[in-house]
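Reading through the structure tokens given below for one structure.
What follows draws every value from the coordinates through simple rules; no lab data is involved. What you are looking at is a predicted structure, and each value in this text was computed from that prediction instead of being measured. Here the Cβ is made from the backbone with ideal geometry for all residues, glycine too, and neighbour counts use every protein chain on show.
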Amino acid sequence: MTYRNPVPTVDIIVELVDRPHRPIILIERKNPPLGWAIPGGFVDYGESVETAAVREAQEEISLQVELIEQFHVYSHPDRDPRQHTISIVFLAIGKGEPQAADDAKNLGIFHHWDIPASLCFDHDIILQDYFHYRHYGVRPRLI
């Protein structure tokens, strides 16, 4: 019997606390699906999701981050066109000059009013939920 299970991933919304209005970092993906994305990636076997989040931030944006909270879990079967993934999204803070690395072709620092339109996966929904939470203190609905 072959089992097909969703694959765990993490996404990290990194707020730059040493800049006015605490902008966030997005990466421009080097590999398909192309477009802008929240930094993140796959959880390795034997790795906690928290460790994966810190590792992915270091690998993709070259920053040591401090995880502040687990924000929400996104698990719609079609959220990633490559396969069924489940993303645990963390909010984190960072300082300094991020640099694109690993599978990030480029990176950008954005405020809520200038987020690019070409977002990958379900990151438009995630960021909409995040900004709603930051402005109004309301978490995403579970259903």
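Points to keep in mind about this one:
- Extreme residue, nearest to Pro77 (Cα to Cα), among residues of segment 3-41 that are touching a Lys or Arg at 6+ places or on another chain (Cβ under 7 Å) and in a loop (DSSP other than H, G, I, E, B): Gly35
- Test result for Ile61, within 13 Å of the chain's Cα centre (by Cα) and over 30 Å from Tyr3 (Cα atoms): yes
- Residue count for segment 37-78, restricted to those that are at negative phi and either touching a His at 6+ places or on another chain (Cβ under 7 Å) or of a type in the set (Ser, Thr, Tyr) (or both): 8
- Sole exception among (1) out of contact with any helix residue (DSSP H, G or I) (no Cβ under 7 Å at 6 or more places or on another chain); (2) within 19 Å of Pro23 (Cα to Cα); (3) free of Cβ contacts under 8 Å to residues at least 60 places away in the same chain for Ile126, by number: (3)
- If the condition is being under 15 Å from Asp122 (Cα atoms) and either of a type in the set (Gly, Ala, Ser) or under 14 Å from the mean Cα position of the chain (by Cα) (or both), then segment 29-48 contributes Arg29, Gly35, Trp36, Ala37, Ile38, Pro39, Gly40, Gly41.
- Within segment 74-111, the set of residues being of a type in the set (A, V, I, L, M) and in contact with a strand residue (DSSP E or B) (Cβ under 7 Å, 6 or more places away or on another chain) comprises Ile86, Ile88, Val89, Leu91, Ala92, Ile93, Ala100, Ala104, Leu107, Ile109.
Results for (1) over 19 Å from Ala37 (Cβ atoms); (2) of a type in the set (Gly, Ala, Ser), shown as yes or no for each residue.
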residue: Lys105; (1), (2): no, no
residue: Gly108; (1), (2): no, yes
residue: His112; (1), (2): no, no
residue: Ser118; (1), (2): no, yes
residue: Phe121; (1), (2): no, no
residue: Ile125; (1), (2): no, no
residue: Tyr130; (1), (2): no, no
residue: His135; (1), (2): yes, no
residue: Arg141; (1), (2): yes, no
